[in-house]
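Derivation of every value follows stated rules applied to the coordinates shown; laboratory data play no part. Given the structure is predicted, the values throughout are model-derived calculations rather than measurements. Positions of Cβ are backbone-derived with ideal geometry, glycine not excepted, and every protein chain shown enters the neighbour counts.
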Amino acid sequence: MSGWTIIGVGNRFRGDDSVGPYVIDRLRSRLPSGTPCIENNGDMTSLLDEWRQRRVCLIDALQAEDQAPGAILRLNGLAEEIPPTLCRTSSHGLNLGEALALAGALDALPERLDLYAICGEDFSPNASLSAAVEDAARQVEREILEKLSLHTGGV
């Protein structure tokens, strides 16, 4: 077990929004046995239980007009401001920024939150990942494997 939890946020059936689950699928067979890989379909309230007192890598898509598709934003989710484009209010209620605020109030924050936000371009129903987002997802996959290897002495 690596001591890390990997959370992929997104909807598998909405084009580039599926990047979080895509990265989770690719990592599952490559991570140490017992490393939690959680797919979150956008229910931000469930994140409070999923990340509570854990070291977390969270992968999500975002829409940003000032970023090219496939651009990767890497943030310390506990120390840096979450971009407004990651704070879209979903039909499920909370957005990521609100989930972090609620987690702080309920003492349910993760120990560490490394956020990988990948800029998407097509969030249409039943669309596939765009090529730029798929390339970025593979880069994030490599970075997470390297991070866990450094922290555990090898994956």
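Taking amide H as placed 1.01 Å from N in the peptide plane, G10 has its amide H under 5 Å from the amide H of N40, N41, G42, each at least 5 places away in sequence or on another chain. A protection proxy built from the mean count of other Cβ atoms within 10 Å ranks the segments 11-17, 106-112, 124-130, most packed first, as 11-17, 106-112, 124-130. When only the Cβ of Lys, Arg, Asp and Glu is charged (+1, +1, -1, -1), the dipole of the chain relative to its Cα centre reaches about 560 debye. Computed from backbone phi with θ = phi - 60° and the Karplus coefficients 6.51, -1.76 and 1.60, the 3J(HN,Hα) list for the stretch 102-109 is 5, 4, x, 5, 9, 6, 10, 6 Hz; x is used for glycine and proline.
Here the label points at A101 and L78, each 7 Å from Cα along the C-beta direction, are separated by 2.1 nm in the simple model. The relative contact order of the chain, computed from alpha carbon pairs under 8 Å that lie at least 6 residues apart in sequence, is 33 percent. Amide H contacts of A64: G120, each under 5 Å away and 5 or more positions distant or on a separate chain (H built 1.01 Å from N in the peptide plane; Pro and chain starts excluded). With θ taken as phi - 60° and the Karplus curve 6.51 cos²θ - 1.76 cosθ + 1.60 applied, the whole-hertz 3J(HN,Hα) list for the stretch 38-53 is 10, 9, 10, 7, x, 7, 5, 5, 5, 4, 4, 7, 5, 10, 3, 6 Hz, x standing for glycine and proline.
Using square roots of five times the C-alpha gyration tensor eigenvalues, list the equivalent-ellipsoid semi-axes of the chain in whole Å, biggest first. Don't jump to the answer; show the numbers that get you there.
On the way: eigenvalues 94, 77, 37 Å².
They are 22, 20, 14 Å, listed from largest to smallest.
Summing charges over all other residues whose Cβ lies under 12 Å from the Cβ of V140, with Lys and Arg as +1 and Asp and Glu as -1, gives -2.
Which value, in debye to the nearest 20, gives the size of the charge dipole of the stretch 1-71 about its Cα centre, when Lys and Arg are +1 and Asp and Glu are -1 at the Cβ?
Numbers: 8 positive and 10 negative charges, 92 e Å.
My answer is approximately 440 debye.
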